[in-house]
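Trainee: Shown below is the structure under consideration.
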Amino acid sequence: MSLVTALHASPSQHLLSQSPDHPVLYFAPSILQSSAKRFLTGFPGLVTYAVKANDAEEVLENLMTAGVDAFDVASPFEMARVKKLMPTAVLHYNNPVRSEAEIATAIAHGVTSYSVDSLGELQKLVRCGVPESTEVSVRLRLPVKGAAYDFGAKFGADPELAAILLKAVAEAGFAPSMTFHPGTQCADPAAWRAYIDICADVAGHAGVRLQRLNVGGGYAAHRTGAAPDLEAIFAAIELATIDAFGGDMPSLVCEPGRAMVAEAFSLATRVKAIREDGAVFLNDGIYGGLAELPILGNIDRIEPVSLACERSGDPIDFVVFGPTCDSLDRLPGTVPLAGDISEGDWLVWHGLGAYSTATVTRFNGYGAIEVVTTDRLA
């Protein structure tokens, strides 16, 4: 496969030499491959990449080069994109709600694992002819804290229903497994421990031995303060599984998205104007690469770059708006920026590889984000 060659040393080098007036997303393949290897060597089981976080072909290619050969896909589009680049890739289809047409496409692509959180969805898999012995994971939900927001409001079965489902999965001839998602941007190992304990209880009540346990995604990326300790989470997952299942321990699977890809990209936005009242207007905002900030909160890893001089003023809290004519296009609260920033400067937002290009819109004619490959991001 052909990988993109870095043409620039760093974001600042590109900005100062090219002076782009549009948003630029800088991609460092070496950082992405390093993140992948961190999971591959540290997690005690199979690592599948959650394609929804960033489905760019250059991302998938670099993950494959690093050794990732299994992918969590949530749609037929993602199945086709992965298989185009790696026909032998293992596909897990863990979106628990699917149309019959989507299931047919999944069968055609050779999906090896599905998840369910209702009897109706399990019956749909049987009715559509998903081959017996295919892995089907029952998705559990619990009122566990520790994440930026909870996925249980949309997906997952409570423990009592999960036990019924697990027994039905086994009786249907599928390989019975369980899965859960602790919620996005989760950095607390206790969340995984709680889920693993209840998965063992559910399997015991159902009288079913789990072939595998998918401990989900949710691994936190570095947004503010110190970087999350992923290795502590890996260790906690392994120990909790041993404690909960003993000698009948299932093999483990994880599906990182955000934590895998976030650090490999930085977004550069240009300051379009600074109003007399101090409000800052950028050429990208919540309809573009900064879409997640109103949901997860602002980040503090923002680097100013200027053609004039190095910006080093004491931080000042600014109100920051995006470029559209929608008054909702504003970052939450205030954002601390160098007090001496000026119109024409750039702000480089680090750690924005996940859910940036994947969720960008073209509202109001904005959203055309150039991707530039660099050797490094700082």
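Read-outs: derived from the displayed coordinates by stated rules, not from any lab. Model, not experiment: these values are computed from the prediction. With ideal geometry, Cβ positions are generated from the backbone for all residues, glycine too; neighbour counts draw on all protein chains shown.
Trainee: Using the number of other C-beta atoms within 10 angstrom as an exposure proxy, rank Asp55, Asp284, Asp329, Asp314 with the fewest first.
Mentor: Fewest to most other Cβ atoms nearby, the residues stand as Asp314, Asp55, Asp329, Asp284.
Trainee: If you don't mind, another one. At a Förster radius of 25 Å, what calculated FRET efficiency corresponds to the Cβ-Cβ distance of Ser312 and Ala378, to the nearest 0.05? Provide the component values of the computation, followed by the final result.
Mentor: Working: r = 16 Å, r/R0 = 0.65.
E between Ser312 and Ala378, to the nearest 0.05, is 0.95.
Trainee: Show me, for the stretch 252-262, the HN-Hα J-couplings you get by feeding each phi into the Karplus relation (A = 6.51, B = -1.76, C = 1.60, θ = phi - 60°), rounded to Hz, glycine and proline as x.
Mentor: With the stated coefficients, the stretch 252-262 comes to 9, 9, 10, 9, x, x, 3, 5, 6, 10, 4 Hz.
Trainee: Here is a further query. Under 15 Å from a point 7 Å along the Cα-to-Cβ line of Ser251: which residues of the stretch 109-130 have their amide N that close?
Mentor: Those under the cut-off are 112-114.
Trainee: According to a simple spin-label model (label point 7 Å from Cα along Cα-to-Cβ), what is the distance in nm between Lys272 and Ala153?
Mentor: 3.0 nm
Trainee: Okay, moving on. What is the distance, in nm, between label points placed 7 Å from the Cα along the Cα-to-Cβ direction at Asp21 and at Val126?
Mentor: 6.3 nm
Trainee: So who's got an amide H within less than 5 Å of the one on Thr179, skipping anything under 5 residues away but keeping other chains? H placed 1.01 Å off N, in plane.
Mentor: Val138, Arg139, Leu140, Asn214
Trainee: Okay, moving on. Identify all aspartates and glutamates with a Cα-Cα distance to Lys83 below 19 Å; exclude those on the same chain that are fewer than 8 residues away in sequence.
Mentor: Asp55, Glu57, Glu58, Glu61, Asp69, Asp72, Glu102, Glu255
Trainee: Hey, which lysines would be in cross-link range of Lys154, C-alpha to C-alpha under 24 Å, not counting anything within fewer than 8 residues on its own chain?
Mentor: In chain and number order, the partners are Lys52, Lys124, Lys145, Lys167.
Trainee: Work out which GluC sites (Glu not before Pro) in the chain are exposed loop sites (DSSP not H, G, I, E or B, at most 10 other Cβ within 10 Å) and give the longest gap free of them.
Mentor: The longest uninterrupted stretch comes out as 133-275.
Trainee: Neighbour counts of other C-beta atoms within 10 Å: give me Thr179, Thr324, Thr374, Thr359 arranged from fewest to most.
Mentor: Final ranking by Cβ density, sparse to dense: Thr359, Thr324, Thr374, Thr179.
Trainee: Sum -39500 (n - 2.57) across every DSSP H segment of at least 4 residues in the chain, then divide by the residue count to get the 222 nm mean residue ellipticity, nearest 500.
Mentor: -9000 deg cm²/dmol
Trainee: Show the residues, 5+ positions off or on another chain, whose built amide H is closer than 5 Å to the amide H of Val371.
Mentor: Leu25
Trainee: Starting with the fewest neighbours, write out His109, His205, His92 ranked by other beta-carbon atoms found within 10 Å of each beta-carbon.
Mentor: His205, His109, His92
Trainee: Please work out the Cα center distance from the stretch 276-330 to the stretch 336-352, rounded to the nearest Å.
Mentor: Centre-to-centre distance over Cα atoms comes out at 7 Å.
Trainee: Rounded to whole Å, give me the distance from the Cα center of the stretch 27-69 to that of the stretch 184-234.
Mentor: If we compute the Cα centre of each part, the gap is 19 Å.
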